[in-house]
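See below for the structure under consideration.
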Amino acid sequence: MEIPQKVIDKVLSHIDTEELIDLTGRLVCTNTVWDPAAGTSEEPAAKVVAEWASGKGFDVRWDEVAPGRPNIIIRWQAGPGKRTLMFEGHTDVVTPGDASAWSFDPFGGQIAGRRMYGRGANDTKGNLAAMLIAMAALKRSGVRLAGTIVGGVLCDEEDQMLGVQDFIDRGHADKVTAAVICEPQDGLICCTQKGALRACFTITGRMSHGAIPLSGLNSAPAVSRLIDGLHLLELEAIKAFGKDKYLGWPSFTPTVIQAPARGAPQLNVIPGLARILVDIRTVPNQSHPKIITALNRLASETGNKVLLHYEAYDRLLNLDRNRNLHILPEVLSDRPCTLTDINDPVVTAADWATRRITGGIPEYAGVPGATDGTFLWAQKKIPIVTMGAGDRHVPHQVDEWVDLDQLAETARIYALTALRYLMPQGGK
Ligand SMILES: [Zn+2]
């Protein structure tokens, strides 16, 4: 069903680019790094958003997720209808790191040419402002919509994702029928994101003097076997699941190898305790429970192999010692892969909106990391599409920036996505 051009024009005429740049600047100028020692949190950005949204006549709710770490929930029942579209944007940013390495004040929101610089300009305060401006434009335009729009302005996306968890726990997600995750994807439409499974192997042997190795039990031989085993699991996954069109290859990467896992490493001390951290990234159809089973099996098989190695060795040396080696596998976090049907109404709405605004054919891609959308998708089965302004390589770098023209385009795309998704049915 076609939306009349005059309705589209009416909505777009209410996108205020100056207000978008001003709001982005105000958000970037708040330091929202979660750093209890320095006394910074998401709160100042939440205040900016709450005051701004109240001023626009939205229903605004302040949920304290943890002390000083609020979620702001903006609700607007635009018209009667079953659909509820959520726009999600996070208020926290990662550390600027060494501020002297920046050419701009990380919390200055300085504009040079058509770019705004600062921590969060790209990830994701610009897109957060764009979704708010889109909501305000729809409201101000007075066009007929069927359903509700929810703005989820959430804390702690960069670390534990406590904000989205709280949003779900309080029931805010219960009636949401689709969500736009506002993150820097450079205008691409992303319907899938890699899963992430983080695991740890702790290997317990027995420490001893390097000159008297047979009085201890070195944990290091288990470390090398576990790394080999992880590589084999990766090869199996590559063969079984192949290269995903949008997400690339699955991976099992040992990222932290510690032996000894505690205390100062010393050349003449045999490590009694060792630890391996593994970062596993998955593609659709890979089962996380099956991977966890495989990790447990790897731990027990490696334990048995190392024990056989020590038994044979001790026989050769005619030695009797305690060969009590133990490998403990643990899952540290489990974030599934997400995949939204390309024919879902929220995706077709995003596709249509992108075509209308850019005049081009939308490009599709995948998100390499997890987002707040992961939890909405996994726990509430909400179809999600991730899109927004900003170069995909710029997040977390020095001199983070966003292109202001692309940001304005994004606000227009968000507005038309909502217009299309909440279009009254049956031509009424
Ligand atoms: Zn982000």
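The values are calculated or read from the model by the stated rules, or taken from the named source; none is laboratory data. Here the structure is a predicted model, which is why all the values come from computation and not from measurement. Counting neighbours? That spans all protein chains shown, and the Cβs are built from the backbone with ideal geometry, glycine included.
Tabulated data
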{"quantity": "Total residues in the range 326-371, condition crowded, with 17+ Cβ neighbours inside 10 Å, under 30 Å from N218 (Cα atoms) and touching a Ser or Thr at 6+ places or on another chain (Cβ under 7 Å)", "calculated": "1"}
{"quantity": "Residue satisfying condition, being at negative phi, surrounded by 24 or more Cβ atoms within 10 Å (Cβ to Cβ) and within 16 Å of the ligand (Cβ to nearest atom), within set G152, G205", "calculated": "G152"}
{"quantity": "Residue within the range 181-200 that is within 16 Å of the ligand (Cβ to nearest atom), within 30 Å of E400 (Cβ to Cβ), buried (at least 23 other Cβ atoms within 10 Å of the Cβ) and aliphatic (A, V, I, L, M) present", "calculated": "yes"}
{"quantity": "Single residue of R61, R69 found to be surrounded by 20 or more Cβ atoms within 10 Å (Cβ to Cβ), in contact (Cβ under 8 Å) with a residue 12 or more places away in the chain and under 21 Å from D166 (Cβ atoms)", "calculated": "R69"}
{"quantity": "Count of residues meeting criterion [β-branched (V, I, T) and over 28 Å from L162 (Cα atoms)] in the range 9-58", "calculated": "4"}
{"quantity": "Residues being surrounded by fewer than 20 Cβ atoms within 10 Å (Cβ to Cβ) and either in a helix (DSSP H, G or I) or hydroxyl-bearing (S, T, Y) (or both) - total across the range 104-140", "calculated": "2"}
{"quantity": "Positions within the range 377-417 being outside any strand (DSSP E or B) and β-branched (V, I, T), in sequence order", "calculated": "I382, V394, V398, T410, I413, T417"}
{"quantity": "Criterion (away from the ligand (no atom under 16 Å from the Cβ) and at pLDDT below 95) met by exactly one of P383, P336, P368, P395", "calculated": "P336"}
{"quantity": "From the options T255, T282, residue that is surrounded by 20 or more Cβ atoms within 10 Å (Cβ to Cβ) and of a type in the set (S, T, Y)", "calculated": "T282"}
{"quantity": "Any hit, the range 134-146, residues being at pLDDT 95 or above and within 16 Å of the ligand (Cβ to nearest atom)", "calculated": "no"}
{"quantity": "Residues that are surrounded by 16 or more Cβ atoms within 10 Å (Cβ to Cβ) and either hydrophobic (A, V, I, L, M, F, W, C) or touching a Gly at 6+ places or on another chain (Cβ under 6 Å) (or both), drawn from the range 258-276", "calculated": "A259, A261, I270, G272, L273, A274, I276"}
{"quantity": "Out of Y414, Y421, sole residue that is closer than 22 Å to T24 by Cβ, among the aromatic types (F, W, Y) and in the same structural domain as W352 (by TED's automatic domain parsing)", "calculated": "Y414"}
{"quantity": "Single residue of G97, G79 found to be in contact (Cβ under 8 Å) with a residue 12 or more places away in the chain and closer than 20 Å to D174 by Cβ", "calculated": "G79"}
{"quantity": "Hits in the range 88-103 - residues which are within 16 Å of the ligand (Cβ to nearest atom) and assigned to a loop (DSSP other than H, G, I, E, B)", "calculated": "T91, D92, V94, T95, P96"}
{"quantity": "Top-ranked residue in the range 39-87 [being closer than 26 Å to Q425 by Cβ and under 20 Å from the mean Cα position of the chain (by Cα); ranked as nearest to the ligand (Cβ to nearest atom)]", "calculated": "F87"}
{"quantity": "Hits in the range 376-391 (condition: farther than 17 Å from P345 by Cα and either out of contact with any helix residue (DSSP H, G or I) (no Cβ under 9 Å at 6 or more places or on another chain) or free of Cβ contacts under 8 Å to residues at least 40 places away in the same chain (or both))", "calculated": "A378"}
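Yes/no matrix, rows are residues, columns are (1) more than 16 Å from the ligand (Cβ to nearest atom); (2) assigned by TED's automatic domain parsing to the domain that holds P345; (3) assigned to a helix (DSSP H, G or I):
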{"site": "Q160", "(1), (2), (3)": "no, yes, no"}
{"site": "I168", "(1), (2), (3)": "yes, yes, yes"}
{"site": "A173", "(1), (2), (3)": "yes, yes, no"}
{"site": "A211", "(1), (2), (3)": "yes, no, no"}
{"site": "A237", "(1), (2), (3)": "yes, no, yes"}
